[in-house]
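One structure below.
The values are calculated or read from the model by the stated rules, or taken from the named source; none is laboratory data. Please read these numbers as outputs of a predicted model, since none were measured by experiment. Here Cβ is always computed from backbone atoms with ideal geometry, including for glycine, and neighbour counts include all displayed protein chains.
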DNA sequence: TTACAATATACAAAAATTTATATATAATTA
DNA sequence: TAATTATATATAAATTTTTGTATATTGTAA
């Protein structure tokens, strides 16, 4: 069987983006809000600003979210609507195994 | 908004199980083979036995796979068929963004 | 029994990740 | 222009993860 490892490295990168509670909470917020500025995300999650910025950057580099600048504000939003689907599928997996 | 962090910690644990190329390759093999013994997985992936055992253990602890013992052999298999679905959904996300 | 084969576990070094503090930058307003 | 606000970046300590070597365990067969 052809185990094209590179393909699975790329996939693993995307799964890694999801593999952190803070990032999942950010994705949850973004999936319910069309777009959000960093300050609003900080307010909701009550974590230090550089921590949030760091996680936003990881999500952005993974291709899951993008940013649109408006003055000083930076509004982040989810790129692919399937992301919501991945999250809810994962919620089902949890529901059935725990 | 209620950001029940514990829920996202549990979800992150499951995403973490997927977030490694070796584990993704193991899941891919198991998703195509009903069940496989460790020696067969080692043969396919050409990695040291303790490395494979370690990853199998992570997948087992995450609840994604289980083992059934047959003599000296240990046969691993996927628990939830939705796992195949998660992987193929992720493959689609890759396909569209890259 | 003893030897062997399949697998698990212990363990340690290397690498990657998370978090927070300090600092920089850039846009806006006074 | 100076001060302020929103955000990014640098960086370092702490933690977690990955990998491989050595070793233990367990079941089978001689």
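Any idea how many residues of region A:54-72 are surrounded by 14 or more Cβ atoms within 10 Å (Cβ to Cβ) and more than 7 Å from DNA strand C (Cβ to nearest atom)?
Residues that pass the stated criteria total 8.
Tell me, yes or no, whether region B:35-58 has at least one residue that is part of a strand (DSSP E or B) and modelled with pLDDT of 95 or more.
yes
When residue A:83 is evaluated against the numbered criteria (1) in contact (Cβ under 8 Å) with a residue 40 or more places away in the chain; (2) more than 20 Å from residue B:92 (Cα to Cα); (3) outside any loop (DSSP other than H, G, I, E, B), which criterion, by number, is the only one it fails?
(2)
Which of the residues that make up region A:12-21 are crowded, with 18+ Cβ neighbours inside 10 Å and within 7 Å of chain B (Cβ to nearest Cβ)?
Listed by number, the residues that qualify are A:12, A:14, A:15, A:18, A:19, A:20, A:21.
For region B:74-84, name all the residues that are within 14 Å of another protein chain (Cβ to nearest Cβ) and surrounded by 15 or more Cβ atoms within 10 Å (Cβ to Cβ).
Those that are within 14 Å of another protein chain (Cβ to nearest Cβ) and surrounded by 15 or more Cβ atoms within 10 Å (Cβ to Cβ): B:78, B:79, B:80, B:82, B:83, B:84.
Among the candidates A:44, A:91, A:9, A:5, which residue alone is facing chain B (nearest Cβ under 8 Å) and surrounded by 16 or more Cβ atoms within 10 Å (Cβ to Cβ)?
The conditions single out A:44.
I'd like to check something: does region A:52-73 contain any residue that is facing another protein chain (nearest Cβ under 8 Å) and on the phi < 0 side of the Ramachandran plot?
no
Being within 8 Å of DNA strand D (Cβ to nearest atom), farther than 21 Å from residue B:13 by Cα and free of Cβ contacts under 8 Å to residues at least 12 places away in the same chain is the filter here, so list the residues in region A:37-56 that pass it.
Selection gives A:40, A:42, A:49, A:50.
Taking the condition farther than 30 Å from residue A:46 by Cα, more than 11 Å from DNA strand D (Cβ to nearest atom) and in contact with a helix residue (DSSP H, G or I) (Cβ under 7 Å, 6 or more places away or on another chain), does residue B:34 pass?
no
Given the conditions (1) at negative phi; (2) within 13 Å of DNA strand D (Cβ to nearest atom); (3) out of contact with any strand residue (DSSP E or B) (no Cβ under 9 Å at 6 or more places or on another chain), and given that residue A:92 satisfies all but one, which numbered condition is not satisfied?
Going through the list (1) at negative phi; (2) within 13 Å of DNA strand D (Cβ to nearest atom); (3) out of contact with any strand residue (DSSP E or B) (no Cβ under 9 Å at 6 or more places or on another chain), residue A:92 breaks only (2).
Residues that are more than 7 Å from chain A (Cβ to nearest Cβ), surrounded by fewer than 17 Cβ atoms within 10 Å (Cβ to Cβ) and modelled with pLDDT under 95: does region B:22-30 have at least one?
No - not one qualifying residue is present in region B:22-30.
Scan region A:59-73 for residues that are within 11 Å of residue A:23 (Cβ to Cβ) and in a strand (DSSP E or B) and jot them down.
If the condition is that a residue be within 11 Å of residue A:23 (Cβ to Cβ) and in a strand (DSSP E or B), then A:65 is the only one that fits.
Considering only residues that are away from DNA strand C (no atom under 13 Å from the Cβ) and within 15 Å of the chain's Cα centre (by Cα), which ones fall in region A:1-40?
A:11, A:27, A:28, A:29, A:30, A:31, A:32, A:33, A:34, A:35, A:36, listed by residue number.
Looking only at region A:1-34, count how many residues are assigned to a helix (DSSP H, G or I) and touching a residue at least 12 places away in the same chain (Cβ under 8 Å).
15
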